[in-house]
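As structure tokens, the structure follows; a few thoughts come after it.
The values are calculated or read from the model by the stated rules, or taken from the named source; none is laboratory data. Just so we're clear, the structure is a prediction, and the values are computed from it rather than from any experiment. All Cβ positions, even for glycine, are placed from backbone atoms using ideal geometry, and neighbour counts span all protein chains on display.
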Amino acid sequence: MGKIALIAPFPKLAELGEEVCNEFNEQLDIRIGDMEEGVKEALDAIDNGAQAIISRGGTAIAIREAVKVPVIEIAVTGYDLMRAINNAMRFSASIGVVGYKNIIYGVGTLRDILKIDLKEFLIGSDKDVDDVIIRMNDEEIKMVVGDTIAVRKASQNGFFTVLVHSGKEAIIQAIREAYNTIEMVNRERERTEEIRTLINFVHDGIITLDALGKVKYINPIAERILNTNAEEIIGHYANDMLPGLLTDDIFKTSKPLLGEVSYVSSGLIVKDIIPVISKKKLVGVIITIQEAHKIQKAEEKVRRELYLKGNSARYTFDDMKTVNEKMKELSENAKKFAIVNSTILISGETGTGKEVLAQSIHNYSLRREEPFVAINCAAVPESLLESELFGYNEGAFTGAKKGGKPGLFEMAHQGTLFLDEIGEMPLKLQARLLRVLQEKVVRRIGDDRVIPLDVRIISATNKNLLEEVNNGKFREDLYYRLNVLSLHLPPLRERTEDIPYLIEVFINKSVRKTGCKMVGIENSAINELKKYSWPGNIRELENVIERLVVLKNGAIVTVNDLYGLYEKHIVREVHDEGKNEVTTLDIAERKAILKVLDNNGWSIKKTAKELNISRTTLWRKMNKYGFNKET
């Protein structure tokens, strides 16, 4: 608890303070002094550690003007004033009540209640008392009720006087208020120190201005960046002391200016100029500044963390072992492409391993330590694809994340951005992508700033993009931008010699993934798998092997197991003109999806859930097979 001093304008109040201390075990530094003498006592008490002053009437007002610690007035209650007036009425029916507002407040009410001749004389300082005495003489008032200064001067001029005393309750209330005020001041001081420490040690330079544009505060970081010192510029106009830092537009428009760029003696800085508005009026300006090169370093650090959080490539060329000559040649060419920064277009059917190849290229390149960011252009709705790729600013559209969001181009800075199924990108976004590739900068949605980029683009497609160009579905200029270097992955049916090796790899992988026992597979089953056309390519083969591992769980896989598997999961036997044949996966998948759609009344949501695929994937397959409710 803080130390409190009671400055009593008259001895009786000091005695009352002593009684309160004894009765309530309070510790007060009690001193006697009226007006100027009271101010001197208050200053001395503060020098001795007082954190708050208690006093009364004009003395309290005088002390408050002279000190910086809280001053709490001992209230004069209506009962105190009534007691004094009651004593005065014993000697005179005409009474003048003299004092500061805090002393004589309520006199008019008492006059009406008591039906007596009370006249109030308000003073603002002790100098006013002499004029009041002259007026009371003119009005033939003989009795004066008031505080110390009024009573003392009235007595010297022959008036009868009664001093308004305060009760113990008023002193106790003042003590409580003083302790509360000290606590509040200490909390505010701690908060101020926290803010000051924060402002002084943040990485941003901070300058605050008043409504006229004069410097109120500048933190050490801003002093260093701007090569100035606080003593020289505080109190002066910012435009005079820091030319080029501030524009008059902020005072005319009261609108913030964010991300502005300026040159200062230390180099390039980025600044935010923010108006401070109170009651719809500009009352000040806050300017924050950062050195551009430090922003770049921080950006690189963030991007590095994004890389560590999952934007990384797992596969390498070691994961693409093959005995196929075409695949060996493709791997060698891909390694040569990896060491340069040209764009690469990878083509191939679905499931041939286009992303595995893209990751391998990244991990073989000089960008291997930087992010590898991938997006499937067909899997993201058109309405979201733009914001995913290019990012957006806060408030750019309804539902925009607070603070905005960086796009995948920014996240892939200095690394690789893999655009899978690029042929599905809408023409509108193709134009934006082309601009990014040409200018090597990106602009977030809702922002007017451009962000420099250093990104290697690898794209992939299962379509014939040149045919798409001829059909007007893909921009010719973008096609040639993306197709500087090209790689074509052959389908699995053209590299059947790799199937036995891939089967072994996928068996081992599935055993680790599922916890099932290792299975063996008969040569006749392997030969049967080599005969299949594999429209889903390597991905389809991996899925089939995982199912076999789960179903057989340690047993030997035979040819019959394959047909059973086909019947349940991939294809089923059908009779056509008396012959048994195995339908292709596409036919089986089409029939399976159609059956589930019918069972669910063509509800996309229910069907996708039952098939355990996304609604986007279901829509794509329905379009592929030409489904409608009349199918």
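Numbers for the structure displayed
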item	result
Any hit, the range 131-144, residues being within 60 Å of the chain's Cα centre (by Cα) and assigned to a helix (DSSP H, G or I)	no
Within the range 338-355, tally of residues that are surrounded by fewer than 20 Cβ atoms within 10 Å (Cβ to Cβ) and in a helix (DSSP H, G or I)	1
Hits in the range 68-126 (condition: under 30 Å from ARG189 (Cβ atoms), at pLDDT below 75 and buried (at least 17 other Cβ atoms within 10 Å of the Cβ))	none
Top-ranked residue of the range 145-160 - restricted to ones that are over 14 Å from GLY58 (Cα atoms) and either small (Gly, Ala, Ser) or surrounded by fewer than 23 Cβ atoms within 10 Å (Cβ to Cβ) (or both), ranked as farthest from the chain's Cα centre (by Cα)	GLY158
Residue within the range 233-246 that is polar (S, T, N, Q), assigned to a loop (DSSP other than H, G, I, E, B) and touching a residue at least 12 places away in the same chain (Cβ under 8 Å) present	no
Members of the range 263-275 that are farther than 13 Å from HIS293 by Cα and either touching a Lys or Arg at 6+ places or on another chain (Cβ under 9 Å) or free of Cβ contacts under 8 Å to residues at least 24 places away in the same chain (or both)	ASP272, ILE274, PRO275
Residue count, the range 14-49 (criterion: surrounded by 16 or more Cβ atoms within 10 Å (Cβ to Cβ) and among the basic types (Lys, Arg))	1
The range 357-373, subset at pLDDT below 95 and aliphatic (A, V, I, L, M), residue surrounded by the fewest Cβ atoms within 10 Å (Cβ to Cβ)	LEU366
Residue satisfying all of: in the range 39-84; hydrophobic (A, V, I, L, M, F, W, C) and under 23 Å from ARG111 (Cα atoms); farthest from the chain's Cα centre (by Cα) among these	ALA84
Residue satisfying condition, being closer than 30 Å to LEU245 by Cα and of a type in the set (S, T, N, Q), within set THR197, THR181	THR197
Positions within the range 540-562 being part of a loop (DSSP other than H, G, I, E, B) and over 55 Å from the mean Cα position of the chain (by Cα), in sequence order	ALA555, THR558
Residue in the range 181-200 that is in a helix (DSSP H, G or I) and within 30 Å of ASP447 (Cα to Cα) present	yes
Which listed residue is basic (Lys, Arg) and under 21 Å from LEU330 (Cβ atoms), from ARG481, ARG435, ARG512, ARG456	ARG456
Output for the range 158-180, where each listed residue is closer than 30 Å to ARG135 by Cβ and outside any helix (DSSP H, G or I)	GLY158, PHE159, PHE160, THR161, VAL162, LEU163, VAL164, HIS165, SER166
Set LEU245, LEU209: member being within 26 Å of the chain's Cα centre (by Cα), under 15 Å from ILE286 (Cα atoms), surrounded by 15 or more Cβ atoms within 10 Å (Cβ to Cβ) and of a type outside the set (S, T, N, Q)	LEU209
Index of the failed condition, ILE375 passing every other in (1) outside any loop (DSSP other than H, G, I, E, B); (2) of a type outside the set (D, E, K, R); (3) more than 24 Å from GLY351 (Cα to Cα)	(3)
Residue ID - nearest to the chain's Cα centre (by Cα), chosen from residues in the range 248-262 that are closer than 15 Å to GLN290 by Cα and not small (Gly, Ala, Ser)	LEU258
Per-region count, the range 247-282, residues among the aromatic types (Phe, Trp, Tyr) and outside any strand (DSSP E or B)	1
Extreme residue, modelled with the highest pLDDT, among residues of the range 301-322 that are surrounded by fewer than 13 Cβ atoms within 10 Å (Cβ to Cβ) and not hydrophobic (A, V, I, L, M, F, W, C)	ASP318
Close pairs (6 angstrom Cβ cut-off, 6 or more residues apart or separate chains): closer than 11 Å to ALA313 by Cβ and of a type in the set (Gly, Ala, Ser) in the range 367-380, assigned to a strand (DSSP E or B) and modelled with pLDDT of 90 or more anywhere	ALA374/PHE418
Top-ranked residue of the range 1-17 - restricted to ones that are part of a helix (DSSP H, G or I) and touching a helix residue (DSSP H, G or I) at 6+ places or on another chain (Cβ under 7 Å), ranked as nearest to GLU183 (Cα to Cα)	GLY17
Subset of the range 216-234 (residues that are touching a strand residue (DSSP E or B) at 6+ places or on another chain (Cβ under 6 Å) and over 24 Å from ILE295 (Cβ atoms))	LYS216, ALA230, ILE233, ILE234
Matching entry among GLU382, GLU332, GLU325 (being acidic (Asp, Glu), surrounded by fewer than 20 Cβ atoms within 10 Å (Cβ to Cβ) and touching a Pro at 6+ places or on another chain (Cβ under 8 Å))	GLU382
